[in-house]
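One structure below.
The values are calculated or read from the model by the stated rules, or taken from the named source; none is laboratory data. Predicted model only: the values in this text are computed from it and were never measured. Positions of Cβ are generated from backbone atoms using ideal geometry, with glycine treated the same way; all protein chains shown enter the neighbour counts.
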Ligand SMILES: [Zn+2]
């Protein structure tokens with residue numbers, strides 16, 4: 001199984017529009033971060049977690065040509081705003097399966113009403129096949145069992161997903177003990193770390209590292225990173241062994 005980091009930035013992306021911050025001005029490709037998403041694939045399946053405003057660019061850059069499903073973590077725009085750009089996949093493949101919490105599906109129905117329209121639908125609009133993700137109910141995608149892991153983004157429930165010994169958690173601020181049980185014996189954990197300064201709804205670096213120390217995966221990658229984390233190369237130097245800052249277009253094999 002391959003995991004391709006389509007985007008590793010926080011909600012505004014890096015560079016931030018109009019910013020003179022040195023990280024936003026950096027020439028290092030690893031300091032350019034699109035909105036957070038991963039593409040997970042092998043010869044049997046190809047799906048993404050989240051579909052943010054950079055989705056089109058991410059599909060072109062990664063070379064993804066088949067989309068079996070989109071798994072949503074939550075409804076915030078940096079994770080969902082690219083949904084219209086599934087059109088080329090829809091034209092080739094038909095309805096694109098989406099997996100999300102009922103609350104997220106209801107939110108998408110409001111914001112992308114034309115996608116969910118049944119009567120008098122505009123011919124160019126894409127369609128999706130709705131699959132509700134329910135806490136503590138695993139589901140199967142291709143030949144993989146997906147384990148939803150519930151985390152809290154401030155007061156908002158968010159799903160992370162475990163697939164084999166890989167787990168992807170974004171926008172975490174807190175997690176309950178019962179959900180932590182689902183993260184035992186991981187080879188690779190991806191988790192959000194915004195910046196060094198604390199934040200009300202996202203792990204800062206210290207919280208992310210404490211979480212990693214608790215979960216004890218073999219390797220961890222940090223994502224959903226703000227320009228305030230500093231330059232990639234410098235921030236990476238400060239991390240413990242087997243903890244890495246993810247960067248856009250990094251691909252790992254699990
Ligand atoms: Zn986010």
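Checked against the criteria, residue 50 counts as within 12 Å of the chain's Cα centre (by Cα), at positive phi, crowded, with 21+ Cβ neighbours inside 10 Å and within 16 Å of the ligand (Cβ to nearest atom). Looking at the range 222-233, which of its residues are surrounded by 21 or more Cβ atoms within 10 Å (Cβ to Cβ) and within 16 Å of the ligand (Cβ to nearest atom)? Those that are surrounded by 21 or more Cβ atoms within 10 Å (Cβ to Cβ) and within 16 Å of the ligand (Cβ to nearest atom): 222, 223, 224, 225, 226, 227, 229. In a loop (DSSP other than H, G, I, E, B), surrounded by 13 or more Cβ atoms within 10 Å (Cβ to Cβ) and in contact (Cβ under 8 Å) with a residue 12 or more places away in the chain, is that true of residue 148? No. Listed by position, the strands (runs of 3 or more DSSP E) inside the range 152-254 whose residues that are closer than 23 Å to residue 23 by Cα number at least 2 are 188-192, 219-223, 243-245. For the range 98-108, check the following and say yes or no: at least one residue is surrounded by fewer than 19 Cβ atoms within 10 Å (Cβ to Cβ) and in a loop (DSSP other than H, G, I, E, B). Among the residues of the range 98-108, not one is surrounded by fewer than 19 Cβ atoms within 10 Å (Cβ to Cβ) and in a loop (DSSP other than H, G, I, E, B), which makes the answer no. In the list 19, 11, which residue meets the criterion of being surrounded by fewer than 23 Cβ atoms within 10 Å (Cβ to Cβ), more than 28 Å from residue 141 (Cβ to Cβ), modelled with pLDDT of 95 or more and touching a helix residue (DSSP H, G or I) at 6+ places or on another chain (Cβ under 9 Å)? When all the criteria are applied, what remains is 19.
If you filter the range 68-89 down to residues that are surrounded by fewer than 21 Cβ atoms within 10 Å (Cβ to Cβ), part of a helix (DSSP H, G or I) and free of Cβ contacts under 8 Å to residues at least 40 places away in the same chain, you find that the one that is nearest to the ligand (Cβ to nearest atom) is 85. The condition (being over 22 Å from residue 146 (Cβ atoms), more than 12 Å from the ligand (Cβ to nearest atom) and outside any loop (DSSP other than H, G, I, E, B)) is satisfied by just one residue among 92, 27: 92.
Restricted to the range 187-197, and to residues that are within 13 Å of residue 229 (Cβ to Cβ) and away from the ligand (no atom under 13 Å from the Cβ), which residue is surrounded by the most Cβ atoms within 10 Å (Cβ to Cβ)?
Taking the candidates together, the pick is 195.
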